[in-house]
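The numbers here are math on the coordinates, done by the rules we state, and not lab data. Predicted, not measured: the structure shown is a model, and the values here were computed from it. Cβ sites come from the backbone with ideal geometry, for glycine too, and all protein chains shown count toward neighbours.
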Amino acid sequence: MCRALLGLFCACALALASCMPVLEGQDYHLEGQEVRLTLLHTSDIHSRLIPYDFTPLKTDQDLELVPEAGPFGGATRMASILKRERKRGDRVLHVDSGDCFQGAPIFNVNTGEAEFRFLSESRLDAAVVGNHEFDAGALNFVQKARNFANFPLLAANYFWDDAKTAGNNGASMVTSPYTIKVVKGLRVGIIGMANISSLNSIVEGGNSLQVTPLEQNEAARSYVELLRPVTDLIVVVSHLGLTEDQDLIQGYEAYYEYGRAKAFIERSHDAWKVLEWFGPEGDDKSVVRVHIAGVNGLDAVMGGHLHVVLNPPQLVTDPSGRKVVLSHSGAFAKYVGRLELVVKMPQRLGENEGAEVVSQDYHAFPVDGLWCNERMRKYRFDDDIFWDPGEFIQAPGVREAIEECRRLEDPETTDLLVPYMLGMDFKLQLTSIFSYAPLDVQRRNNSNGGDSPLGNIAADSMRKRSRVEAEMALTNSLGIRDNLYAGVVTQESMFNVFPFENTINIMYLSGVEMQEMFDFVTERSAERGCVSQAQISGARFTMDCAQVQLNDLRIACTPATVQQDCPQTGREGHAPWQCLEDASGARCWAHPGIDIQINGKPLDTNGTYKVAVNDYIAKGGSGFTVLKRNTTRIETNISLRDSLIGYMQGFCTCKDLLEGKETSANGTRCGSLVNGQWTVDEKTLGACRVSQTFEEALKKKVGSCSCLSLLKLPTDENERAAALQGCGVPGLTADAALSQCAVPQGPSTGRCTCRDLLSGTNPTCGTVTTQLRSFCEKPTSMPIAIAIEDGRIGRRVK
């Protein structure tokens with residue numbers, strides 16, 4: 001597919017050349033010197049300005065994020081790290097790789113104001129525009145950028161519609177392709193490469209962003225040629241994605257009509273190479289497979305979008321043989337990256353020689369409760385010490401170190417955030433608890449890439465929702481943005497799972513459209529390692545990813561001889577071949593979505609089905625054109641978030657499970673359906689027994705006092721003595737009373753155990769609300785979040 005409109009670009013670049021900025025500043029003499037440049041890097045913050053809970057993966061722990069030092073992230077800690085590193089460095093720039101919007105409730109309420117204000121207060125030097133910056137619309141992005149962003153927002157590969165035209169959103173007035181920073185005599189050109197792959201609206205009809213995407217390598221190449229004479233280093237800040245960042249440096253293959261690519265194929269420098277013709281050679285309408293040359297002249301690429309950390313950074317070779325540093329620093333405010341570059345300046349400045357990066361060093365600073373104490377962090381990850389779960393937090397000095405880091409968090413950022421936090425608490429009631437998860441409920445399949453535990457109950461909640469009652473439901477996997485982590489499930493955690501304000505839509509699809517929808521899910525999943533890109537309810541099917549690969553071979557055929565033309569070996573279980581005709585001719589093709597069942601019955605291609613989907617894919621998002629074409633869409637205005645909350649509130653409690661009940665109070669079946677039997681896994685029952693034992697221990701009496709009341713004894717000695725005297729046991733001490741109680745640690749709230757929470761002895765418990773305390777006093781009465789992978793989405797890869 002053509003990835004760009006290139007004809008407009010040359011005129012744009014030439015126009016800019018006549019208005020190059022005049023650089024002024026102190027007179028530095030850097031000829032022949034080696035100087036150090038520090039690039040502080042943030043990326044994909046996704047509105048995680050407030051510390052949040054999650055379970056660090058092994059990859060996070062390998063980067064020394066301390067599991068016991070949650071909650072994680074947060075703007076106050078990031079600001080403190082950024083300020084500390086600015087003080088340590090000589091020449092320092094802070095760049096951000098986009099997607100600071102969307103992902104936490106602060107965005108849902110304020111639509112980006114807090115994020116841009118935080119980055120402005122942090123003295124950000126430049127940011128690239130991420131795809132999620134448009135989640136509340138282009139006009140919202142422009143308004144927030146105009147009012148709250150005092151840093152350059154960059155997008156060199158976007159050609160905006162003329163701002164003077166009626167109805168224009170004005171994005172061209174708040175963005176620019178590049179910026180130049182002079183840091184103590186070192187001239188750094190920063191080019192922004194914005195995202196294209198995740199913005200369907202700029203490559204399909206109805207371009208709401210009013211932008212034309214430009215081919216990434218040619219856009220970058222033009223600005224490198226523009227900036228190289230007046231800069232020493234060129235840095236790209238990118239939200240393209242890791243593969244695209246590598247393509248920017250090394251080049252990549254693409255398909256174009258020859259007439260569109262001809263000028264680039266025939267030019268004398270950085271020419272595109274034709275690798276294959278589809279049609280008559282030399283015909284402007286023929287499609288050609290070309291290799292687009294990589295970009296020379298880049299020194300570093302600071303990337304984002306895929307939420308990965310490259311530690312160490314990659315050294316990617318450009319066409320001239322130079323090594324370019326490629327760095328990614330993760331997502332969700334979990335890390336602040338620091339890339340140290342040693343730069344060799346040319347002997348004579350101003351002769352277009354440019355500086356050279358001779359060495360680099362990278363460090364990712366974890367943003368957790370121990371952000372300020374590297375000694376304690378090293379102690380946690382000492383190779384000679386094995387820590388059992390929950391043991392490290394009990395080690396001497398750990399809680400004191402966390403408390404010290406809390407006191408050192410940036411007070412100016414705290415003052416900035418307080419009004420937003422109060423507003424969120426008032427409007428959203430984020431601390432409300434509606435369920436308890438004894439184990440993590442994963443949004444992704446951990447065994448084979450099919451259906452996931454969280455995806456299953458999310459889709460179930462859509463299908464079964466009152467006023468929906470569909471035959472099946474389907475939602476895109478990437479719309480589910482986080483796991484439900486072990487502990488209490490709050491309104492805030494549900495905003496992390498469903499940050500987008502998506503709603504349930506009802507559609508009526510023919511059997512043929514259903515087949516096309518399952519085919520598309522399979523094709524999209526095959527592009528991503530055959531990991532399912534949709535979650536379903538009321539249906540079962542198999543993704544035949546092997547068939548997708550066979551279809552892509554485009555084996556020529558004729559309808560009359562399809563059985564002879566198409567391969568017949570190993571066809572058992574695959575759909576039968578068809579001879580499919582398209583613009584490039586007839587080819588062998590078979591349905592990749594197979595074994596489709598709707599509520600236990602094979603798909604009827606002549607039937608009609610009532611389907612629940614989210615509004616994003618109903619309108620064609622993520623490439624669901626089969627839904628976009630359908631005209632039966634009914635908007636229910638029921639949010640996916642509220643649907644799942646309501647569904648989980650009806651789940652069975654630990655009391656129901658331990659008593660062996662089949663259903664909850666509202667008739668929901670207890671457990672999960674496995675091989676036709678409703679069962680409750682032993683881990684869930686074990687967690688319920690822990691809650692039951694804890695609850696019974698709280699009810700135990702010592703004299704006339706309950707063990708619950710003894711756990712909550714005041715810290716003041718006189719008040720404590722008076723309370724113990726009221727128990728009616730002469731000479732009773734607090735230690736003796738608690739020893740008789742023998743209250744276990746009990747269930748975890750996600751931050752600490754219920755015993756610690758009720759006794760008030762653990763600072764990591766955070767704010768203790770009345771509802772949270774009530775849960776710990778009666779944990780067996782809370783609905784239990786149970787979900788499993790049940791094989792409703794199968795895979796075939798051979």
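Using 10 Å bins from zero, what percent of all Cα-Cα pairs in segment 593-657 falls into each bin?
The calculated distribution, bin by bin, is 15, 32, 34, 15, 4.
Taking segment 683-781 as the region of interest, what is the percent of Cα-Cα pairs per 5 angstrom bin, listed from the shortest bin to the one with the maximum distance?
2, 13, 24, 22, 18, 13, 5, 2, 1
Whole Å is fine, so just give me how far the alpha carbon centre of segment 275-303 lies from that of segment 445-513.
Computed from Cα coordinates, the inter-centre distance equals 40 Å.
If the cut-off is 17 Å between C-alpha atoms, which lysines fall inside it for Lys58, apart from same-chain ones fewer than 8 positions away?
Once the sequence-local lysines are set aside, what remains near Lys58 is Lys334, Lys378.
Where does each of Lys683, Lys619 land when they are ranked from fewest to most other beta-carbon atoms within 10 angstrom?
Taking fewest neighbouring Cβ atoms as first place, the list is Lys683, Lys619.
Roughly how many Å is it from the Cα centre of segment 647-713 to that of segment 379-414, as a whole number?
32 Å
Straight-line reach only, C-alpha to C-alpha below 17 angstrom: list the lysines that Lys262 could link to, leaving out same-chain residues fewer than 8 apart.
Within the straight-line cut-off, Lys262 pairs with Lys273, Lys285.
Would you kindly give the portion of the calculated P(r) for segment 254-319 that falls above 13 Å, as a percent of all Cα pairs?
Details: 1490 of 2145 pairs.
For segment 254-319, the fraction of Cα-Cα distances above 13 Å is 69 percent.
Multiply the residue separation of Trp387 and Lys712 by 0.36 nm, subtract the distance between their alpha-carbon atoms, and state the gained length in nm to one decimal.
That works out to 114.1 nm of additional length.
Work out the charge dipole of the chain with +1 on the Cβ of Lys and Arg and -1 on the Cβ of Asp and Glu about the Cα centre, then indicate which of Leu509, Val295, Thr761 is farthest towards its positive end.
Thr761
Which value does Rg/Rh take for segment 241-386 over its C-alpha atoms, Rh per Kirkwood?
1.15
Rank the residues Thr780, Thr715, Thr475 as a footprinting-exposure proxy: fewest other Cβ atoms within 10 Å of their Cβ go first.
Thr715, Thr780, Thr475
To the nearest 500 deg cm²/dmol, what mean residue ellipticity at 222 nm is calculated for the chain from DSSP H runs of n ≥ 4 alone, each contributing -39,500 (n - 2.57), summed and divided by the residues?
Taking each H run of at least 4 residues, the total per residue is -8500 deg cm²/dmol.
For segment 716-758 and segment 218-235, write down the distance between their C-alpha centroids in whole Å.
Taking the Cα centre of each part, segment 716-758 and segment 218-235 sit 68 Å apart.
If you rank Asp425, Asp232 by fewest surrounding Cβ atoms within 10 Å, what's the result?
Asp425, Asp232
Can you tell me the mean projection area, over all orientations, of the convex hull of segment 489-632's alpha carbons? Units nm², please. All intermediate terms of the calculation are to be shown ahead of the outcome.
Working: hull surface 43.1 nm².
One quarter of the hull surface, i.e. the mean projection, equals 10.8 nm².
When the Kirkwood radius is taken over all Cα pairs of the chain, what Stokes-Einstein diffusion coefficient follows at 10 °C and 1.306 mPa s, in µm²/s?
Approximately 54 µm²/s, per Stokes-Einstein.
So if the hydrodynamic radius of segment 37-406 is defined as the Kirkwood radius over C-alpha pairs, what does Stokes-Einstein give as its diffusion coefficient at 25 °C and 0.890 mPa s, in µm² per second?
Taking Rh from Cα pairs, D becomes 112 µm²/s.
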